[in-house]
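Bear in mind that the values in this text are calculations on the coordinates, not laboratory data. The structure displayed is predicted, hence computed values, not measured ones. Here Cβ is always computed from backbone atoms with ideal geometry, including for glycine, and neighbour counts include all displayed protein chains.
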Ligand SMILES: Cc1ncc(COP(=O)(O)O)c(C=O)c1O
C-alpha cells in the first residue's frame, strides 16, 4: 500500500513503516557520542554508492538497513557534546508532528488545499505576534527559516521606501540598510537579492559584548538615507542582543523600517525572566522568529511577524487558481497572499503539537536552563588557564580561544570533529579564529560542560 486511504491495509502499512523507521533511528541516534568518526571520504563514498532509484523496490526495513551508514553518519543532536550550531535536538512531540505534517500534506497556499490548516497557521502567527508584543492586530506568515524571514522583512522595507517598486522596479536610489557588523549574513544576502546590493548595508561596529554600539550607529549613519534599521536579538556568534529600544527610536526619527532579527532570541519571550531583555521588539515593523532554534522544532519552522497583517499586502499576488477574490469574500483565507512561496508546508501543525505537549511552564524553564548553563560555561572557561573567554555569554553562545595561534584553535576543532569526541563551533570574531559552544540542550549538566572543556584542552596536545 503506497498511500494512506480508507483501506485498513494502508493503516497497517503506515504503522509498520513508522515502527521500522523508529527502530532504525533509535539504533543510529539513540546512542552516546556526538557522531561516529566516519571519515569525510567514507561519508562521500557511502552516498556515491547508493543507487537513488533502483529498478525494483525493496521492503522499508531493507532500505533503512542499506542507509545505516547515512543514519550513523548523522550528528546526534541530543548528545551534550554536540554544540556547534544553532541546531537543536528537536522535541519528540514535534518530530511526531512532522509525521502529521507529512501525512496531512496540506499546502499553505490556497484555502482549498489546506482548509483547516490555513486557520491554524493564521492563529499561530497571530499568537506569536502577540507574544512578541506586536499587539492584537499582529500577524505574519510561516517561512522556511530565518534567512527567508529576513528577506521578507527587508522586502517590505524596500517596497515601502519607493513608489510602487513592485511594479516599476527600483528607482535610482541611495537607500541604506543599517545592521550591526555581527548581524547574520542573510541581511547582506537579502540586500543583494532585493537589488540594493550588499554595499547598501552599513555594518555598524559592536561593543565588547557583541551588541551594536549606538555611538558607532550615529556616526556611521549621519547624512545617509536609511530605509531600514535591523536590530539583532541574539547574534550568531556571541548571542548578543542589540539595544532594540534605542534602535526603534532612531528608526522612528528617520522614518525608517525597523526589522528585528530575533531568529536566535525569539525563544526568550517564553521566559518571564528573559523577556524584558527584548524591550523594543514590540515597536518593530517586522520580526524574524525562528522556531527551529530556541523553540526546539525540527527544520523548517520560522515566522515573519508584523504588527498589522495588511503590511503583507505588499507581497500579495492575485492568482487565478489560488486566491480567487470571490472566495475570499466568503471568509476564506488564502495564505499565498502573504508569502514568497506558493506550495508551503503545514509546519504550524508540528509547532502547535509540540507547544501544547510541552507546555509554557516547561518551555520557560528550558530557556532559563540553557541560559544559565551558558553562564556557567563562561565561568568554567574563565577558570581554565589554557582558555580565554572572549566575552561573558549574553544568551546561549560561549565564544573562547585556546592559548596559542589560530592554527592551534583550528586544529582543536578539526581533531574533535574527526575523532567524534565533540562537535564544537569554530568562527572568526574580529578577525581571529574563535571556538564556540552553542548550548541548546537543557539536559546538559555542569559536569558535561567540565568534561567537554577538558576534552578541548586535551585536544590541543
Ligand atoms: C541571527 C540569525 N539570523 C538569521 C539566521 C538564519 O536562519 P536560518 O538558518 O533559519 O535561515 C541565523 C542562523 O543561524 C542567525 O543566527
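At-a-glance table
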| quantity | calculated |
| --- | --- |
| Euclidean distance between Cα centres, region 79-145 to region 277-316, Å | 11 Å |
| Helix-derived mean residue ellipticity, 222 nm - over the chain, DSSP H n ≥ 4, -39500 (n - 2.57), to 500 | -12500 deg cm²/dmol |
| Residue order, fewest to most surrounding Cβ atoms within 10 angstrom, among 410, 241, 449 | 410, 449, 241 |
| For 299, 417, 400, order by how many other beta-carbon atoms lie within 10 Å, fewest first | 299, 417, 400 |
| Ranked packing of 253-259, 344-350, most packed first, by mean Cβ within 10 Å | 344-350, 253-259 |
| Whole-Å semi-axes of region 99-358's equivalent ellipsoid (Cα gyration tensor) | 30, 23, 14 |
| Beta bridge orientation in region 99-358: antiparallel %, DSSP, nearest 5 | 40 percent |
| By average C-beta atoms within 10 angstrom, highest first, the peptides 311-321, 153-163 | 153-163, 311-321 |
| Percent of beta bridges antiparallel (DSSP, the chain, rounded to nearest 5) | 55 percent |
| Region 205-359, relative contact order [Cα under 8 Å, separation at least 6], % | 15 percent |
| Protection proxy ranking of 52-61, 262-271 - average other beta-carbon atoms within 10 Å, highest first | 262-271, 52-61 |
| Computed over region 284-398: relative contact order in percent, which uses C-alpha pairs under 8 Å that are six or more apart | 18 percent |
| Relative contact order %, the chain, counting alpha carbon pairs below 8 Å whose residues are six or more apart | 21 percent |
| Gain on full stretching of the segment that runs from residue 447 to residue 415 - 0.36 nm per residue minus C-alpha separation | 9.3 nm |
| Debye-sum result for the chain in log10 I(q)/I(0), which assumes one identical scatterer on each alpha carbon, at q = 0.11, 0.12, 0.13 Å⁻¹ | -0.98, -1.14, -1.29 |
